[in-house]
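Here's the structure, in structure tokens; my notes come after.
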Amino acid sequence: MELKEVSVSKRHERRVSRLAEDFVIEMLHITKEFPGIKANDDITLQLRKGEVHALLGENGAGKSTLMSVLFGLYQPEQGKILKNGKEVAIRNPNDANALGIGMVHQHFKLVECFSVLDNIILGVEPNKMGFLQKAEARKKVMALSEKYGLRVDPDALISDISVGMQQRVEILKALYRNVELLILDEPTGVLTPQETTQFFDVLRNLKKEGYGIIIITHRMSEIMAISDKVTILRDGRQVADLVTADTNPEELSAYMIGRELNDDYHIEGSPKKDIMLELKNVSFEVSDEKAQKEIIRGINLKIDDNKFVVITGPNGGGKSTLAKLIVGIEKPTSGQILFNGEDITEKSITERVSVLLFSSRYDSKEFRCWI
């Protein structure tokens with residue numbers, strides 16, 4: 001695949017306007033180095049209250065390192081951090097929490113044998129004359145839970161709840177500590193589509209209340225759906241700072257990898273023209289009532305090049321029959337099966353292999369669509 005090189009150095013015409021008095025957090029000219037590598041090279045990031053700011057970049061671009069600096073896990077070699085216009089020192093996560101900065105890591109930091117409530121208040125347990133005031137803590141947790149749509153069972157063990165629920169616990173941990181700014185590292189990577197939708201609703205509720213939110217991600221669809229601003233890192237450097245409403249997935253991808261992509265390369269969140277495998281109204285029925293075979297009716301399916309597709313469902317739902325129809329073990333009673341636009345409905349298994357419908361090698365140049 002040939003990619004056209006483009007210049008990204010001149011594409012900062014739509015940079016975010018910067019009025020210092022409006023920012024809750026400013027990271028100015030941050031540089032962080034490790035032996036043999038400059039993870040962050042002169043990066044500036046500024047966040048307002050009530051703003052969702054996406055931090056975009058490929059793996060290794062420096063996103064998590066930059067946020068670890070903000071949360072006090074790393075100390076920068078150069079640069080400074082301002083909170084509400086005043087320079088602050090963040091030596092560790094306790095300093096960050098004291099300044100109203102919370103972080104939900106990609107890998108949760110929960111004690112599995114503890115309850116939800118105990119995890120949320122761990123380290124900041126309310127007490128009176130040395131006695132734990134757990135009822136007071138429970139009341140605050142449940143109020144936060146109800147207010148922001150983060151409903152949890154405070155008595156459930158972490159080991160017994162779903163990953164999506166564990167993420168809610170992590171967010172409640174931060175809110176319980178009265179943070180103003182929430183850092184979320186790849187927050188939807190462990191969520192189902194339904195949980196992701198619910199999670200976005202939570203973010204919108206937090207935004208309405210004036211929280212500043214930074215999301216570390218590489219998913220274009222999420223950026224376009226939830227963020228207000230986007231800062232893009234590449235190889236440790238800041239290459240763009242854009243208003244989300246003024247950009248698109250293609251431009252974001254070009255910034256992220258430093259090249260403009262041609263039509264053969266699919267960008268998440270943008271339409272894809274090439275269909276490799278297509279099923280048009282495919283049905284399979286068995287005339288022999290005693291035959292123990294699955295029946296499927298009216299299946300329509302389009303699979304793009306470079307896609308890994310999972311077909312799932314209960315036993316007897318037709319999964320195996322559909323696979324047999326695609327391979328050629330069975331022939332549909334109606335409908336068409338197309339491969340790269342060619343009708344292969346009546347072709348035998350041998351003929352289908354000859355057009356390389358299937359391959360055991362992921363890096364095969366001929367076949368790039370997996371089921």
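The values are calculated or read from the model by the stated rules, or taken from the named source; none is laboratory data. Everything numeric here is computed off the predicted structure, so don't read it as measured data. Here Cβ is always computed from backbone atoms with ideal geometry, including for glycine, and neighbour counts include all displayed protein chains. To get the accessible areas, we keep the full protein, side chains included, count just its heavy atoms, and leave off ligands, DNA and RNA. Shrake-Rupley method; radii C 1.70, N 1.55, O 1.52, S 1.80 Å.
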request  = Could you tell me which residue of the range 30-64 is least open to solvent (accessible area, probe 1.4 Å), considering only residues that are of a type outside the set (A, V, I, L, M) and over 24 Å from THR247 (Cβ atoms)?
outcome  = THR31
Members of the range 86-117 that are assigned to a loop (DSSP other than H, G, I, E, B), farther than 17 Å from LEU175 by Cβ and not hydrophobic (A, V, I, L, M, F, W, C) = ARG91, ASN92, GLN106, HIS107, GLU112
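Going through the range 135-153 one residue at a time, which ones are in contact (Cβ under 8 Å) with a residue 40 or more places away in the chain, part of a helix (DSSP H, G or I) and surrounded by 15 or more Cβ atoms within 10 Å (Cβ to Cβ)?
Applying the first criterion (in contact (Cβ under 8 Å) with a residue 40 or more places away in the chain) to the range 135-153 yields 147-150.
From what's left, part of a helix (DSSP H, G or I): 147-148.
TYR148, the sole residue that qualifies.
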inquiry  = Test of understanding: among ALA135, ALA143, which residue is of a type in the set (Gly, Ala, Ser) and over 23 Å from LEU184 (Cα atoms)?
reply    = ALA135
query = Can you pull out the residues in the range 234-278 that are modelled with pLDDT of 90 or more, assigned to a loop (DSSP other than H, G, I, E, B), under 17 Å from ASN59 (Cβ atoms) and open to solvent by 30 Å² or more (accessible area, probe 1.4 Å)?
reply = ASP235
request  = Take the range 170-206 and flag every residue that is in a helix (DSSP H, G or I), open to solvent by 20 Å² or more (accessible area, probe 1.4 Å) and among the charged types (D, E, K, R).
outcome  = LYS173, GLU195, ASP201, ARG204
ask   = Is it the case that some residue within the range 196-216 is within 11 Å of the chain's Cα centre (by Cα), within 21 Å of GLU250 (Cβ to Cβ) and not charged (D, E, K, R)?
value = yes
